[in-house]
1. Is it fair to say residue B:171 is within 20 Å of residue A:178 (Cβ to Cβ), within 11 Å of chain A (Cβ to nearest Cβ) and free of Cβ contacts under 8 Å to residues at least 24 places away in the same chain?
2. Mind checking which pairs have a first residue in the stretch A:18-36 that is over 14 Å from residue A:50 (Cα atoms) and a second that is within 16 Å of DNA strand D (Cβ to nearest atom), Cβ under 6 Å, 6 or more apart or different chains?
3. Identify, from the list A:30, A:26, A:63, the residue that is within 16 Å of DNA strand C (Cβ to nearest atom) and either assigned to a helix (DSSP H, G or I) or more than 19 Å from the chain's Cα centre (by Cα) (or both).
4. Considering only residues that are under 24 Å from the mean Cα position of the chain (by Cα) and near DNA strand C (Cβ under 8 Å from one of its atoms), look in the stretch B:44-56 and name the one that is surrounded by the most Cβ atoms within 10 Å (Cβ to Cβ).
5. Give me a count of the residues in the stretch B:139-162 that are at the interface with another protein chain (Cβ under 9 Å from one of its Cβ atoms) and over 19 Å from residue A:161 (Cβ atoms).
6. Scan the stretch A:45-60 for residues that are away from DNA strand D (no atom under 16 Å from the Cβ), more than 14 Å from chain B (Cβ to nearest Cβ) and in a helix (DSSP H, G or I) and report the count.
7. What is the one condition in (1) within 23 Å of residue A:98 (Cα to Cα); (2) at pLDDT 95 or above; (3) not in a helix (DSSP H, G or I) that residue A:38 does not satisfy?
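The values are calculated or read from the model by the stated rules, or taken from the named source; none is laboratory data. Quantities reported herein were computed from a predicted structural model and do not represent experimental measurements. So basically every Cβ, Gly included, is an ideal-geometry build from the backbone, and we count neighbours across all protein chains shown.
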DNA sequence: CAATATACGGAGACAGTCTCCGTTTGGCAA
DNA sequence: TTGCCAAACGGAGACTGTCTCCGTATATTG
């Protein structure tokens with residue numbers, strides 16, 4: 001890739017990160033181009049669709065997911081506490097910006113989605129938590145990590161749309177936890 | 001209201017019902033006006049926003065909600081079966097068209113929403129189911145009907161976005177049921 | 001059968017998406 | 001260093017959808 005192309009690509013990602021954080025997933029892409037100081041054509045050449053741009057933004061975020069899972073898994077015993085902590089972490093990770101939870105959750109399990117790799121990262125992280133709980137025989141029965149992500153992602157999406165705070169989300173996560181734990 | 005205004009209003013609702021069913025919640029409003037055979041101005045005068053139009057469309061739908069709750073409540077015993085049947089019914093009711101579940105669920109508990117009355121209808125119906133189960137001491141602890149609607153609505157929204165079928169939704173509803181039942 | 005309040009229509013302002021193509025430029029070979 | 005050209009750029013503008021404004025039409029009333 002030519003040096004100027006590389007530079008513009010990075011500028012666009014940085015600008016998009018800013019704009020999406022400020023204005024949510026629906027922000028204008030021309031605004032992103034403007035903020036990056038490039039023409040609209042340049043934006044669309046690098047990122048043919050909004051989703052592809054999203055995917056690029058989330059590059060660094062993948063590492064955060066795995067770190068978060070590591071951190072949760074050091075807990076000993078107390079399956080319910082561990083699971084709830086993971087759920088809350090998950091909601092936080094997925095709520096990168098307005099509209100994020102719905103976007104990510106609906107791509108969950110769809111390998112042809114532009115953000116499929118992000119979903120796989122999340123699924124792998126949840127799978128580690130599930131495995132740990134299964135090893136402790138803490139689960140009622142096996143549950144697919146993808147299903148669990150959809151449930152928790154659904155809650156995150158609702159909370160995102162309706163501007164619910166942590167306190168309102170907690171009891172919903174508890175219901176899900178109680179629904180899967182033995 | 002003048003007779004022609006009344007007539008146009010009805011035509012618009014009928015057209016909107018058609019267009020939204022065909023193209024989902026994001027369909028063009030000018031298309032609705034065109035299909036109704038009126039100018040855009042007429043549409044926006046009657047329905048200042050998409051949400052208000054939505055609300056009008058769902059008028060008849062309110063009755064269906066109450067009927068559905070009645071039908072579920074005739075079941076005797078078998079709390080889990082009853083609850084699951086209600087959940088599935090709820091998902092069906094809320095999935096009036098693409099984007100509906102997310103729209104309705106995020107308005108849940110927001111009295112200033114244009115579709116607040118619809119949400120209240122749904123909440124009242126769920127409340128009846130919850131009361132019945134509480135009378136039978138079938139619930140783990142009290143749960144707010146609104147919270148339950150958000151959980152189930154979250155699943156419905158995910159299913160709607162990701163085009164999941166009934167079979168994929170069922171296990172998620174089971175998790176929620178198990179989470180609230182004693 | 002006026003007179004008038006009420007409602008209508010659709011042109012057009014505005015905003016966002018995305019493409020096309022003339023212009024510029026980075027990088028390489030001579 | 002210079003010249004070449006594939007690669008990349010920019011931004012005008014086509015297109016689509018939202019929503020408003022105001023000149024025109026008509027239902028209603030006395």
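1. Working: within 20 Å of residue A:178 (Cβ to Cβ): yes; within 11 Å of chain A (Cβ to nearest Cβ): yes; free of Cβ contacts under 8 Å to residues at least 24 places away in the same chain: yes.
It is true that residue B:171 is within 20 Å of residue A:178 (Cβ to Cβ), within 11 Å of chain A (Cβ to nearest Cβ) and free of Cβ contacts under 8 Å to residues at least 24 places away in the same chain.
2. A:35/A:15; A:36/A:11; A:36/A:12; A:36/A:15
3. Just a single option satisfies the conditions, and that option is A:30.
4. Filtering the stretch B:44-56 down to residues under 24 Å from the mean Cα position of the chain (by Cα) leaves B:44, B:46-56.
Now drop any that are not near DNA strand C (Cβ under 8 Å from one of its atoms), which leaves B:44, B:46.
On the way: B:44: 15, B:46: 21.
The qualifying residue surrounded by the most Cβ atoms within 10 Å (Cβ to Cβ) is B:46.
5. Final tally of qualifying residues: 2.
6. So the answer is 3.
7. (1)
Matching residues to (1) surrounded by fewer than 18 Cβ atoms within 10 Å (Cβ to Cβ); (2) within 8 Å of DNA strand D (Cβ to nearest atom); (3) within 14 Å of chain A (Cβ to nearest Cβ):
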site	(1), (2), (3)
B:3	yes, yes, no
B:7	yes, no, no
B:10	yes, no, no
B:14	yes, no, no
B:21	yes, no, no
B:26	yes, yes, yes
B:30	yes, yes, no
B:34	yes, no, no
B:39	yes, yes, no
